[in-house]
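*Asks:* One structure, pasted below without further comment.
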Amino acid sequence: MVKARHPIGLAVLAGTELAERFSYYGMTALLALYMVKQLLLPGHAEQVIGLSGLRHLFEFRGAMSDQAFASLIYGWYGGLVYFTPLIGGWVADRWLGTKRTVIAGALLMSAGHLAMSVDATFLIALVLLIVGSGFLKGNIAAQVGTLYPKDADSLRERGFTIFSTAINIGAVAGPIATGTTALLYGWHAGFALAAGLMLLALLVYLVGSPTLPSHKAARAATASLPPLTRDEKTRTWCLLAVIALMIPVSLTYTMIWNVGVIWVDQHVDLGSPFGTVPASWFNSVDSFASIVIAPVLIGLWAWQARRKREPVSLTKIAFGALITGLSALLLTLGCLTAGSDGRVSVIWPLLGWFGMGVGFMWYWPIALSLVSRSAPAKVNATLMGGSYMALFFGSAMMGWVGSFYDQMGNAAFWTLDAAISVASALVIIALKKPLTRILEPPVRSPGP
């Protein structure tokens, strides 16, 4: 029996996302701290184009603290970064085609990272990053799915897991590199480093583009696509339900990148024999955990597939949501066991961040693979972009929930965060059977 291999194009797409995620996570690791500790302070906030108007808009419920304002900005930025892939998928399907859309996105993101180098263009930078990410993210993920035969379910899932691992390598290196650079040379130097890595991502994609399947815009072949069949409509609605079920767990997970890093900076004992550790480094821990667990999961699922005992996708997703919720609960335990000086032992956030990364690998690559193989071909790229709507709503809601952080006790706040993801896991389990009957074949294909 010949062992199936992953296509060369997977390495190209994974390498592109590794560099792109280095830049993205490197920037976002600094974002909340940068806003709270510099940008929103007197002498800086006045220089930012459009910031006072945005604050007035967000203060519809009354005056808010800088932390609450920063949380809302972070939430909407993080959410819109994941909303625009829906638009990017439509542009690729109907207008530019996948490859040209990805290239345009990389150029816009490079410009956005460069605009972060000065306070005044902060909001302009966020807009460029939001649009650029929308053009790039969903279309990169959609290309991964097209590399595999339609019936290679288990191999495709492992391909998406490898792809997600490359993302996490960039996500580990990014916060450490930009955090160190910001510590030594200032916030804007850290953002400039992120811009350089985004340009590297563009270079990798351009060089490796010939190894990728060609996906031209649909309008080049026909003026209008045939309507979806009844079966295709049913599958589409079920996939939208799966995407909606990802919203609560996304809220819980992304909270650590926003409020979590501020909580670490304010309440965790960061002393070490080499000095105080930057709080931004913690945003590498969850990605490191995803890297560590990935080969274990790849091996486990391949072993189960050969024996026709691999869990269905929704079982994996539910388990990932449960792990994510329990990981947030570890932060609650840290708050309850704080020392007499109010400082939390570093072990609790390390365990919490690590658990979040493990949970991510159980649910997110599996959800992408499920959408990729089950979505009708006529709307495949659009639904892959639509998958990121879970992160849009999750992040936007996270920013709103996070704005109450300084009005709640720390233990109560992290308990709330944990409960949201656990509730999501329970709902997924309840709906698993009817959704699985429609989206997955009765017997999963055995692994190679």
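The values are calculated or read from the model by the stated rules, or taken from the named source; none is laboratory data. Nothing here was measured: the structure is a model prediction, and the numbers come from that model. Neighbour counts are summed over all protein chains in view; Cβ atoms, including those assigned to glycine, are modelled from backbone coordinates with ideal geometry. SASA here: full protein model, heavy atoms, side chains in, ligands and nucleic acids out. Shrake-Rupley method; radii C 1.70, N 1.55, O 1.52, S 1.80 Å.
*Asks:* Which members of region 119-129 meet the condition of being within 14 Å of Met198 (Cα to Cα) and either open to solvent by 10 Å² or more (accessible area, probe 1.4 Å) or not in a helix (DSSP H, G or I) (or both)?
*Replies:* If the condition is that a residue be within 14 Å of Met198 (Cα to Cα) and either open to solvent by 10 Å² or more (accessible area, probe 1.4 Å) or not in a helix (DSSP H, G or I) (or both), then Leu128 is the only one that fits.
*Asks:* Here's another thing I want to ask about it. Using the structure shown, decide if Tyr25 is open to solvent by less than 20 Å² (accessible area, probe 1.4 Å) and closer than 20 Å to Ala194 by Cβ.
*Replies:* Against the criterion (open to solvent by less than 20 Å² (accessible area, probe 1.4 Å) and closer than 20 Å to Ala194 by Cβ), Tyr25 does not qualify.
*Asks:* Quick one: what pairs do we get from region 297-317, first residue part of a loop (DSSP other than H, G, I, E, B), second at pLDDT below 85 and open to solvent by 40 Å² or more (accessible area, probe 1.4 Å), C-beta under 9 Å, 6+ apart or different chains?
*Replies:* Close Cβ pairs satisfying both conditions: Arg307/Pro446; Lys308/Val443; Lys308/Pro446; Glu310/Pro446.
*Asks:* Next question. With the requirement that a residue be in a helix (DSSP H, G or I) and modelled with pLDDT of 75 or more, what does region 146-163 give you?
*Replies:* Hits for region 146-163 are Thr146, Leu155, Arg156, Arg158, Gly159, Phe160, Thr161, Ile162, Phe163.
*Asks:* Which pairs do you get when a residue that is modelled with pLDDT under 85 and open to solvent by 10 Å² or more (accessible area, probe 1.4 Å), found in region 357-381, comes within reach of a residue that is among the aliphatic types (A, V, I, L, M) and assigned to a loop (DSSP other than H, G, I, E, B), reach meaning Cβ atoms under 7 angstrom, with the pair 6+ apart or on two chains?
*Replies:* Lys378/Leu225; Lys378/Leu228
*Asks:* Do any residues in region 89-118 that are in a helix (DSSP H, G or I) have Cβ atoms under 7 Å from those of residues that are basic (Lys, Arg), where the two are at least six apart or on different chains, and which pairs are they?
*Replies:* Short answer, once both residue conditions are applied: Arg94/Arg219; Trp95/Arg219.
*Asks:* Of all residues being open to solvent by 10 Å² or more (accessible area, probe 1.4 Å) and polar (S, T, N, Q) in region 271-323, which is nearest to Val259 (Cα to Cα)? Just the residue, please.
*Replies:* Thr276
*Asks:* Can I ask one more? Just wondering, is there one or more residues in region 139-158 that are β-branched (Val, Ile, Thr), open to solvent by 20 Å² or more (accessible area, probe 1.4 Å) and touching a residue at least 40 places away in the same chain (Cβ under 8 Å)?
*Replies:* Yes, region 139-158 contains at least one residue that is β-branched (Val, Ile, Thr), open to solvent by 20 Å² or more (accessible area, probe 1.4 Å) and touching a residue at least 40 places away in the same chain (Cβ under 8 Å).
*Asks:* Between residues in region 4-25 that are in contact (Cβ under 8 Å) with a residue 12 or more places away in the chain and over 15 Å from Ala106 (Cα atoms) and residues that are basic (Lys, Arg) and open to solvent by less than 30 Å² (accessible area, probe 1.4 Å), which pairs lie under 9 Å by C-beta distance while being six or more apart or on different chains?
*Replies:* His6/Arg158
*Asks:* Which residues, counting only those in region 382-397, are open to solvent by less than 50 Å² (accessible area, probe 1.4 Å) and under 14 Å from Val81 (Cα atoms)?
*Replies:* Gly385, Gly386, Ser387, Tyr388, Met389, Ala390, Leu391, Phe392, Gly394, Ser395, Ala396
*Asks:* Among the numbered conditions (1) under 26 Å from Ser369 (Cβ atoms); (2) β-branched (Val, Ile, Thr); (3) at pLDDT below 80, tell me where Thr222 comes up short.
*Replies:* Of the numbered conditions (1) under 26 Å from Ser369 (Cβ atoms); (2) β-branched (Val, Ile, Thr); (3) at pLDDT below 80, the odd one out for Thr222 is (1).
*Asks:* Against the condition in a helix (DSSP H, G or I) and closer than 25 Å to Met398 by Cα, how does Val81 come out, does it pass?
*Replies:* Criteria met by Val81.
*Asks:* Separate question: Six or more apart or on different chains, Cβ under 7 Å: which pairs go from a residue in region 32-61 that's farther than 28 Å from Trp281 by Cα to one that's open to solvent by 40 Å² or more (accessible area, probe 1.4 Å)? Could you list them?
*Replies:* Every condition considered, the pairs that remain are Ile49/Ile124.
*Asks:* Can you find, within region 205-219, the residue that is modelled with the highest pLDDT among those that are open to solvent by less than 50 Å² (accessible area, probe 1.4 Å) and in a helix (DSSP H, G or I)?
*Replies:* This residue is Tyr205.
*Asks:* Another question, if that's okay. Among Val346, Val259, which is the only one that is touching a residue at least 60 places away in the same chain (Cβ under 8 Å), aliphatic (A, V, I, L, M) and open to solvent by 40 Å² or more (accessible area, probe 1.4 Å)?
*Replies:* From the options Val346, Val259, the qualifying one is Val346.
*Asks:* Assess whether Trp76 counts as being over 29 Å from Pro248 (Cα atoms), hydrophobic (A, V, I, L, M, F, W, C), part of a helix (DSSP H, G or I) and open to solvent by 10 Å² or more (accessible area, probe 1.4 Å). Quick ask: steps written out before the conclusion?
*Replies:* Working: over 29 Å from Pro248 (Cα atoms): no; hydrophobic (A, V, I, L, M, F, W, C): yes; part of a helix (DSSP H, G or I): yes; open to solvent by 10 Å² or more (accessible area, probe 1.4 Å): yes.
Criteria not met by Trp76.
*Asks:* Against the definition (part of a helix (DSSP H, G or I), of a type in the set (S, T, N, Q) and at pLDDT 90 or above), how does Thr236 come out, yes or no?
*Replies:* Taking the combined requirement at face value, the residue does not satisfy it.
*Asks:* Given the condition open to solvent by less than 70 Å² (accessible area, probe 1.4 Å), in a helix (DSSP H, G or I), within 29 Å of Leu107 (Cα to Cα) and at pLDDT below 80, answer yes or no: does some residue in region 177-195 qualify?
*Replies:* The answer is no; no qualifying residue exists.
*Asks:* Let me ask you something else. Anything in region 37-69 that is open to solvent by less than 60 Å² (accessible area, probe 1.4 Å) and among the basic types (Lys, Arg)? List them, or say none.
*Replies:* Listed by number, the list holds a single entry, Arg55.
*Asks:* Further, regarding this structure: On the basis of being hydrophobic (A, V, I, L, M, F, W, C), over 17 Å from Ala396 (Cα atoms) and open to solvent by 20 Å² or more (accessible area, probe 1.4 Å), does Leu86 make the cut?
*Replies:* It is false that Leu86 is hydrophobic (A, V, I, L, M, F, W, C), over 17 Å from Ala396 (Cα atoms) and open to solvent by 20 Å² or more (accessible area, probe 1.4 Å).
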